[in-house]
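As structure tokens, the structure follows; a few thoughts come after it.
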Amino acid sequence: MIRQFTRDVLHERHRLSHQQIDTLLNENTGKKYLSEKLKQLEKISYFLELAETLQNKDIWFLILKGPILSERIYGDPTTRLWKDFDLLIKPGAVSACVSILLEMGFKHDKVDWPASVKRQKMILHFGKNLEMYHSGKGLSVEIHWKLFEDRLAGSETEWQLIEQNSETTEFSGKTVQRLNFEFELLYLIIHGSRHSWFRLKWLVDIHDLLKRHSFDEQKFLRLTKKMRAERFVCMCNYVMGEYFPACKHLPCNSSNCNKLGEFALKEIRKKDVKKKLSYAETVQAIRYRMALSPDFRYKLDVLRLVTFGKLDLTYSRIPDYPIFFYLFRPFGILIRKFQKTG
């Protein structure tokens, strides 16, 4: 089924590297992806400077996805494409981490880290990450303090699982932290399913991990149960069956995800990725996201995130209490819409 897509679509729409596409399409265009790899290597050298600075400042961090995932899958940090570095930081260290990046020449992207302690607590509660960008080095960094915005297992349980399932590894001469294989696999599956697998690069990650590596299936099942992520794994199996039918299914105790799977297949087949959804598309996306878990608290979280936006924190005149941001949400959307068209 992958062969129904052209190289251009796989590269531009689904963000697969030319090296990955060569493997999928059984082609050889080595010269075509050389410049791609060189750009990735340059970014890695910049990132190593940042990693060393954070370690010297005693800031604990764990690397998510990016080059360290590429190295885990292929033994090469430049095989898969990545546009930024994702760092998981403990919530109490976010302010210190932001200050370090600002000192290094990074700027806030989209949303500033609030000066108000109350707003900091709100963004830590409602959000999961903060984007920062270094224009001179062309380097983006996302500071995460949660794996996911919607609570699957609860923040306390999530952090317990992170601490129990992290490991040290050597990366370009540096000792860094990452999730162990089983938990990273589950993290990638949840991430892909939350986004309805609309980019095939996420599915290729799972396929190539399973193809190249073995793992502890019982441990994976235990983690899936603790994260209440059975439907997310079921979804992955459903979509994998469409594009990689020969791939072995992941162990899963759920099998009721046909409607969810069909929604994801439609998203994957779309020619373009819209930055702004219509009202009907937004409702469909919310319904899909809510259906991924039977847990009532999770469903409330999905609705809560629709009614609270990080961008609203940029309006200084709003009092520092969540209720005012809930009430302001529709007005904030309208204001930004008129500012773009005006």
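At a glance:
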| read-out | value |
| --- | --- |
| Over the range 120-278, relative contact order from alpha-carbon pairs under 8 Å, at least 6 apart, % | 18 |
| Pairwise centroid distance, computed over Cα atoms, of the range 35-49 with the range 265-283, Å | 32 |
| Cysteines in the chain that, by Cβ-Cβ distance, have no pairing candidate under 4.7 Å | Cys97, Cys236, Cys247, Cys252 |
| In the range 1-104, the GluC sites (Glu not before Pro) that fall in loop regions by DSSP, at most 15 other Cβ within 10 Å | Glu27 |
| Pairwise label distance in nanometres, Ile286 with Glu242, each label 7 Å out on the Cα-Cβ vector | 2.4 |
| Length added when fully stretched, Ser135-Lys32, from 0.36 nm per residue minus Cα-Cα | 34.5 nm |
| Cα-centre dipole for the range 1-153 with unit charges at Cβ (Lys and Arg positive, Asp and Glu negative), debye to 20 | 340 |
| Gyration tensor (Cα) of the range 70-215, equivalent ellipsoid semi-axes in angstrom | 26, 19, 15 |
| Gap separating the Cα centres of the range 190-226 and the range 69-87, nearest whole Å | 16 |
| Counted charge near Asp205, where neighbours are those whose Cβ lies closer than 9 Å (Asp, Glu -1; Lys, Arg +1) | +2 |
| For the range 72-177, accessible area per residue (1.4 Å probe, heavy atoms of protein chains only), Å² | 42 |
| Per residue convex hull volume, Cα atoms of the range 156-249, in Å³ | 110 |
| 15 Å beta-carbon shell around Ser172, net charge (K/R +1, D/E -1) | -1 |
| Sequence-separation-based contact order of the chain, relative, with Cα cut under 8 Å and 6+ spacing, percent | 16 |
| Volume per residue of the C-alpha convex hull in the chain, rounded to whole Å³ | 152 |
| Candidates Phe324, Phe183, Phe126, ranked by Gaussian network fluctuation over the chain, Cα under 10 Å, top entry | Phe324 |
| The range 140-211 - percent of accessible surface contributed by carbon and sulfur, probe 1.4 Å | 39 |
| Loop trypsin sites (Lys or Arg not before Pro), the range 1-109, which have at most 16 other Cβ atoms in a 10 Å radius of their Cβ (DSSP) | Lys57, Lys83 |
| Local electrostatic count at Pro91 - Lys and Arg +1, Asp and Glu -1, tallied over other residues with Cβ under 12 Å | +2 |
| With every protein chain in place, the range 272-316: carbon and sulfur % of accessible area (1.4 Å) | 63 |
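The values are calculated or read from the model by the stated rules, or taken from the named source; none is laboratory data. None of the values given here were measured: they were computed from a predicted structure. When we count neighbours, we look across all protein chains shown, and the Cβ atoms used for this are built from the backbone with ideal geometry, even at glycine. The protein model used for the area step is the full one, side chains on, heavy atoms only, and it has no ligands, DNA or RNA in it. Shrake-Rupley method; radii C 1.70, N 1.55, O 1.52, S 1.80 Å.
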